[in-house]
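Q: Following this message is one structure expressed as structure tokens.
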Amino acid sequence: MKSFSNFPTMKMNSRYRGEKDDMYNAHGHAGNMCREVILDNLGRILLSRPRQSPVQPVNIADFGTADGNASLSLIKEMIDVVHTHLGDQHPIVVYYNDHSKNDFNLLSKVIQGTGQEPGLVTGNVYPMMIPRTMYEQCLPDNSVDVAISTVATHYLSKRVCQIKNGIMFEEADEEERKMIREQGKTDWRAFVLSRGRELKPGGALVVLTVSSNGHGEMSSVFYHGQSVFGRIVSDMTTEGILTQKEYLATNFHVFYGRNEDDFREPFTSGLPDIKKLGLELVSIKLTTRHYNTHTTDKLKYSQMIVAMVIPWMHHVVYGGLSNSRSEKEKEEIISQYFDRLQTYAYNHSDFIPYMFFTEVVIKRNKK
Ligand SMILES: C[S@@+](CC[C@H](N)C(=O)[O-])C[C@H]1O[C@@H](n2cnc3c(N)ncnc32)[C@H](O)[C@@H]1O
């Protein structure tokens, strides 16, 4: 029986630090897809808020925030909405959550503001960082007005298997798929219930996550699906660049195959806490997003695709490499991996990547 640590290394990575992150450069932030529903919910909550004395802050939380860049403009809009409704002196607390292995230094810089982008240093806005798994309660009961989470809840809370014939869910065999699905179910329940406890009565949770399209089909960044990710690791193993052990240890521990029923499950399975907390599933919306890169330049296309992939793939390749390798050696191998991905993208530059996202809105009703 092979042993593997419970938490994979999760640090998002980038080749181009200091600017807008690469996912943004390639396709704009996915979180903007649920901008309207987030602002609508915030407006509704503020309108139904009784006058409080002493004044209570409005609490906003972003789960799985990475470096905070993705949600920054949206958080600023939320701050504007609060100030418009309650006055520009009204205190606001913004909680930023991510896994303890996240790069919180980078998050701190984004909060402070970079040269081009002002951060959250406005008076009466208090940012807080919470390094803790989002599959547990991270904040006190009844404390959050609006919680958001974008492109994060497909990550599993722990490794449940090693995918033997590749690195992605699509390459997993039936037994491995079953374990991954089961963990996905447990994690989604834990996420919904943890957020449900944290929400104030009347508060709302908006989640946008990578999903299937409802017919079992999954997102694809590359022509012919995601299997190229594993095929390159397999080629590098055959060529003796990676060991067999490293090949097996390279896995992406996520479940991006949830469908509408999976998102409904905590509400349809009669979990007593759902009722006790007064949680209501308001809506589920599936969206397909095509990433038209607007270029016929093959090199530019391939660079963009790889820049989009590096932030969430770097740690996967890194995590598979043996600890006996030096950091320099690891980076050389990783560089080679992404160069090969780039060559593949270059050779299939007619392909338009697409992602399936599901937006889930949950409300905690007042008793
Ligand atoms: C693809 S990034 C998304 C970042 C950002 N929210 C966005 O919309 O671009 C996924 C983030 O989820 C975080 N994450 C993964 N598992 C987590 C966990 N158990 N608890 C908290 N954050 C987690 C990762 O560390 C990463 O920062």
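Q: Can you work out which of the residues in segment 75-85 that are in contact with a strand residue (DSSP E or B) (Cβ under 7 Å, 6 or more places away or on another chain) and either more than 16 Å from the ligand (Cβ to nearest atom) or open to solvent by 10 Å² or more (accessible area, probe 1.4 Å) (or both) is nearest to residue 112 (Cα to Cα)?
A: 79
Q: Here is a further query. Kindly state which helices (runs of 4 or more DSSP H) lie completely within segment 214-280 and contain at least 1 residues that are open to solvent by less than 40 Å² (accessible area, probe 1.4 Å) and polar (S, T, N, Q).
A: Hits in segment 214-280: 227-238.
Q: Being closer than 16 Å to residue 231 by Cα and open to solvent by 30 Å² or more (accessible area, probe 1.4 Å) is the filter here, so list the residues in segment 166-182 that pass it.
A: Correct list: 170, 171, 173.
Q: Condition first: outside any loop (DSSP other than H, G, I, E, B), away from the ligand (no atom under 16 Å from the Cβ) and over 22 Å from residue 207 (Cβ atoms). Can you find one or more residues in segment 89-101 that meet it?
A: The answer is no; no qualifying residue exists.
Q: Mind checking which residues of segment 32-74 are outside any helix (DSSP H, G or I) and within 16 Å of the ligand (Cβ to nearest atom)?
A: Across segment 32-74, the qualifying residues are 60, 61, 62, 63, 64, 65, 66, 67, 68.
Q: Out of the residues in segment 270-313 that are charged (D, E, K, R) and away from the ligand (no atom under 16 Å from the Cβ), which is nearest to residue 218 (Cα to Cα)?
A: Ranking the qualifying residues of segment 270-313, first place goes to 285.
Q: While we're on this one: Can you tell me which residue is least open to solvent (accessible area, probe 1.4 Å) among those in segment 102-129 that are modelled with pLDDT under 95, among the hydrophobic types (A, V, I, L, M, F, W, C) and not in a helix (DSSP H, G or I)?
A: Here the answer is 120.
Q: If I ask for residues that are within 16 Å of the chain's Cα centre (by Cα) and not hydroxyl-bearing (Ser, Thr, Tyr), which ones from segment 59-74 would you list?
A: If the condition is that a residue be within 16 Å of the chain's Cα centre (by Cα) and not hydroxyl-bearing (Ser, Thr, Tyr), then 61, 62, 63, 64, 66, 67, 68, 69, 70, 72, 74 are the ones that fit.
Q: Can you tell which of 285, 245, 275 is touching a residue at least 40 places away in the same chain (Cβ under 8 Å) and farther than 18 Å from residue 151 by Cα?
A: Among 285, 245, 275, only 245 is touching a residue at least 40 places away in the same chain (Cβ under 8 Å) and farther than 18 Å from residue 151 by Cα.
The values are calculated or read from the model by the stated rules, or taken from the named source; none is laboratory data. Quick caveat, the model's predicted, so the values are computed rather than measured. In this analysis, Cβ positions are derived from the backbone assuming ideal geometry, glycine residues included, and neighbour counts consider all displayed protein chains. Heavy atoms of the whole protein, side chains included, go into the accessibility calculation; ligands, DNA and RNA do not. Shrake-Rupley method; radii C 1.70, N 1.55, O 1.52, S 1.80 Å.
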